[in-house]
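Written below as structure tokens is the structure these notes are about.
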Amino acid sequence: MNIQDIRVCVLRIEGTNCEEEAYNAFKLLGADPEKVHLKQLTGDCPPSMRRDLDDYQILMFPGGFSAGDYVRAGAIFAARIKSRLAPDVENFVSSGRPVLGICNGFQILVELGLLPSFDEILSEEPQAALYTNDSGRFECRPTYLKHENHGKCVFTSQLPRGEVVLFPSAHAEGNLRFPTDREMEIVRRLEENDQIVFRYVDADGNYAGYPWCPSGTVANIGGICNPEGNVLGLMPHPERVMFRYQHPDWTRDQDPNAPGDGRVIFSSALEYVSRRY
Amino acid sequence: MVKADIRIELKHGVADPEGENTRKALELLGFKGIKSVKTVKLFEVEMDAEPEEAKEAAEEMCRRLLANPVIQTFRVDLK
């Protein structure tokens, strides 16, 4: 499949606010993205605006404050999908097509039960929570992430393992938690399944606490994928660093228009789809 | 009409940064002897239903949206 034919569904509801950057990231790399409102998939719209999830090759949940972050971040978006589109989303994921959730999108994937997705594609109840940062505050700054995946995740296939990238974080609820009595057991399971994709590190690439890790998240985890590797959720924003000039140290680089650290996430997924379909 | 008070609490052992920061702020305001501050969320849902149905519906609301069982518990009281 040619990259320009790859259709990307950038899904939004009221309060989503990073759909423009998400759209631009895929557009920049030559794909065919579209900003789609959830009601266009559920059919609560004029017939001409109706869309079918099955017509897309990539599904993307952008960042923002969907439904005002009311109840819990991502919970309302997730509940609305689950009540109307659960079979469509399950089919999409089981067919191997990539699903990406960034920031609020990661919160949606967790609330929806698509991540960590240990025993079934879409768990009936959430198996994790993205909970309030330890600091109790909205944390907004560039963060360093070490790529830890051994090759399963389709969004990082072009990023060597162990490489440190800089993606900006901007969230108040990025603290990944599992049931407290089984937390380390679940982290081990994630490691065994090769589901850990990014961990927060300091500038030297060592695991470090606050402020390097903005949330206090378990085992410094910033991003995980499902056991099959085609669903990725991460708190920091790769779509905000598509060019070097978007990095804080851009004046020290030769070419401000050179690719930024985030580009690899989108290009890996597009390469995967173009090879597979 | 029935009113359901749906109380969402953090599970035992889950940190409560909002409660902890509020405790610190209250101490800075000069309040003494505070042992702990916990945050809970309360939804008041009014329904046209029989009490039994209302309770069942409220519990279903918790399972489908209002509570995340990984970190939260819920309790429904009818009024």
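The values are calculated or read from the model by the stated rules, or taken from the named source; none is laboratory data. Everything quoted here is computed from the prediction, not taken from an experiment. Ideal geometry is used to build each Cβ from the backbone, glycine not excepted, and the neighbour counts take in all protein chains shown. Each accessible area value is taken on the protein alone, full model and side chains, heavy atoms only, with ligands, DNA and RNA left out. Shrake-Rupley method; radii C 1.70, N 1.55, O 1.52, S 1.80 Å.
Specify the inter-centroid distance of the range A:1-38 and the range A:171-202, based on alpha-carbon positions, in whole Å.
Here the two parts' Cα centres lie 28 Å apart.
State, to one decimal in nm, how far the label point of A:GLU20 lies from the label point of A:ASP55, with both points 7 Å from Cα in the Cβ direction.
2.6
Probe radius 1.4 Å, ligands and nucleic acids left out: can you give me the accessible area buried at the B-A interface, summed over both chains, in Å² to the nearest hundred?
For chain B against chain A, roughly 1500 Å² becomes buried.
Please return the longest range in chain A lying between exposed loop sites, taking trypsin sites (Lys or Arg not before Pro), DSSP loop only, at most 14 other beta-carbon atoms within 10 Å, and leaving the sites out.
Between exposed loop sites, the widest span is A:162-277.
Just for the range A:3-276, what percent of DSSP beta bridges are antiparallel, to the closest 5?
Restricted to the range A:3-276, the bridges split so that about 60 percent are antiparallel.
Diagonalise the Cα gyration tensor of the range A:3-276 and give the resulting equivalent ellipsoid semi-axes, square root of 5 times each eigenvalue, largest first, whole Å.
Each semi-axis is √(5λ); the values are 26, 23, 18 Å.
Taking only DSSP H segments of four or more residues, each worth -39500 (n - 2.57), what value at 222 nm results for chain B once the sum is divided by all its residues, to the nearest 500 deg cm²/dmol?
-9000 deg cm²/dmol
Sticking with the crude label model, points 7 Å out along Cα→Cβ, report the distance from A:GLN4 to A:TYR207 in nm, one decimal please.
It works out to 4.7 nm between the two label points.
According to a simple spin-label model (label point 7 Å from Cα along Cα-to-Cβ), what is the distance in nm between B:VAL40 and A:ASP44?
Roughly 3.2 nm, to one decimal.
Considering only lysines 8 or more places apart in sequence, or on different chains, count the pairs in chain B whose C-alpha atoms sit under 27 Å apart.
22
Roughly what % of Cα-Cα distances in chain B sit above 19 Å, to the whole percent?
Cα-Cα pairs in chain B separated by more than 19 Å: 48 percent.
In deg cm²/dmol and to the nearest 500, what is the mean residue ellipticity at 222 nm of chain A if only DSSP H runs of at least 4 residues count, each as -39500 (n - 2.57), divided by the residue total?
Here the helix-only value at 222 nm equals -7500 deg cm²/dmol.
Provide the per residue accessible area, probe 1.4 Å, for chain A, rounded to a whole number of square angstrom.
Per residue, chain A has an accessible area of 40 Å².
What are the chymotrypsin sites (Phe, Trp or Tyr not before Pro) within the range B:30-79 that DSSP puts in a loop, where the Cβ has at most 12 other Cβ atoms within 10 Å?
Counting only loop positions with at most 12 other Cβ atoms within 10 Å, the chymotrypsin sites (Phe, Trp or Tyr not before Pro) in the range B:30-79 are B:PHE31.
Please list the equivalent ellipsoid semi-axes of the range A:134-221, computed as the square roots of five times the alpha-carbon gyration tensor eigenvalues, in descending order and whole angstrom.
20, 18, 10
How many lysine pairs are close in the range A:3-276, with Cα atoms under 24 Å apart and the two 8 or more places apart or on different chains?
Count of close lysine pairs: 4.
Using 1/(1 + (r/R0)^6) with R0 = 41 angstrom and r between the beta carbons of A:ASP181 and A:TYR245, what's the FRET efficiency to the nearest 0.05?
Approximately 0.30, to the nearest 0.05.
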